[in-house]
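Peer 1: Got a structure for you, written out below as C-alpha cells; questions coming shortly.
Only the coordinates and a few stated rules stand behind these numbers; no lab work does. From a predicted model like this one, the values you see are computed outputs, not experimental measurements. Cβ: placed from backbone, ideal geometry, glycine included. Neighbour counts: every protein chain shown.
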Amino acid sequence: MYTGPRDEEPDERDAELLRYERERRERARRRDAVSWRIIAWVMAGALALLAYDSGGAALDAHRAGRPWLYPATVSAACVLCLLGLAVRALRRR
C-alpha cells in the first residue's frame, strides 16, 4: 500500500473532508477542555471537604487525647493537592 504524495491534485471533496475533520477535532478539543475544567472543580471541592473534615477530626482527637496524626496527615495531603491544583490552574492561564 503506497501512502506517499498523491499524483493528482486534491479535489473539492477531499478539501471538504479535510475541513470537516479539522472542525471535528476542534470541537472535540473544546469539549475535552470543558470536561477537564469540570473535573478539576469537582476534585477541588472534594479535596477541600476532605481536608476540612480531616482537620476537624484531628483537632477533636488531639483534644480528647486520642491518636491524631493520621487525620492530620490526610488533611495536610489534601491541602497540598489543592495547592498543586491551584498552581497548575495559574500556570495554564
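Peer 1: Take residue 37 and decide whether it is under 25 Å from residue 77 (Cα atoms), not in a helix (DSSP H, G or I) and not hydroxyl-bearing (Ser, Thr, Tyr). Write out each step before concluding.
Peer 2: Values: under 25 Å from residue 77 (Cα atoms): yes; not in a helix (DSSP H, G or I): no; not hydroxyl-bearing (Ser, Thr, Tyr): yes.
Here the answer is no, as residue 37 does not meet what is asked.
Peer 1: In this structure, is residue 64 in contact with a helix residue (DSSP H, G or I) (Cβ under 9 Å, 6 or more places away or on another chain) and either within 17 Å of residue 37 (Cβ to Cβ) or among the hydrophobic types (A, V, I, L, M, F, W, C) (or both)? Reasoning before the result, please.
Peer 2: Details: in contact with a helix residue (DSSP H, G or I) (Cβ under 9 Å, 6 or more places away or on another chain): no; either within 17 Å of residue 37 (Cβ to Cβ) or among the hydrophobic types (A, V, I, L, M, F, W, C) (or both): yes.
It is false that residue 64 is in contact with a helix residue (DSSP H, G or I) (Cβ under 9 Å, 6 or more places away or on another chain) and either within 17 Å of residue 37 (Cβ to Cβ) or among the hydrophobic types (A, V, I, L, M, F, W, C) (or both).
Peer 1: Can you tell me which residues in region 22-34 are under 30 Å from residue 79 (Cβ atoms) and among the charged types (D, E, K, R)? Quick ask: steps written out before the conclusion?
Peer 2: As a first pass, look at region 22-34 and keep what is under 30 Å from residue 79 (Cβ atoms): 32-34.
Answer for region 22-34, where residues must be under 30 Å from residue 79 (Cβ atoms) and among the charged types (D, E, K, R): just 32.
Peer 1: Name every residue in region 53-72 that is surrounded by 14 or more Cβ atoms within 10 Å (Cβ to Cβ) and part of a helix (DSSP H, G or I), in order of residue number. Lay out the reasoning, then the answer.
Peer 2: To start, the set of residues in region 53-72 that are surrounded by 14 or more Cβ atoms within 10 Å (Cβ to Cβ) comprises 53-55, 57-59, 61-62, 68, 71-72.
Selection gives 53, 54, 55, 57, 58, 59, 61, 62, 71, 72.
Each row is one residue, and each column tells you yes or no for (1) in contact (Cβ under 8 Å) with a residue 12 or more places away in the chain; (2) surrounded by 14 or more Cβ atoms within 10 Å (Cβ to Cβ); (3) out of contact with any strand residue (DSSP E or B) (no Cβ under 8 Å at 6 or more places or on another chain); (4) not in a helix (DSSP H, G or I).
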| residue | (1), (2), (3), (4) |
| --- | --- |
| 46 | no, no, yes, no |
| 51 | yes, yes, yes, no |
| 74 | yes, yes, yes, no |
| 78 | yes, yes, yes, no |
| 89 | yes, no, yes, no |
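Peer 1: Take residue 42 and decide whether it is surrounded by 11 or more Cβ atoms within 10 Å (Cβ to Cβ) and β-branched (Val, Ile, Thr). Don't jump to the end; show me each part of the working.
Peer 2: Values: surrounded by 11 or more Cβ atoms within 10 Å (Cβ to Cβ): no; β-branched (Val, Ile, Thr): yes.
No: the conditions fail for residue 42.
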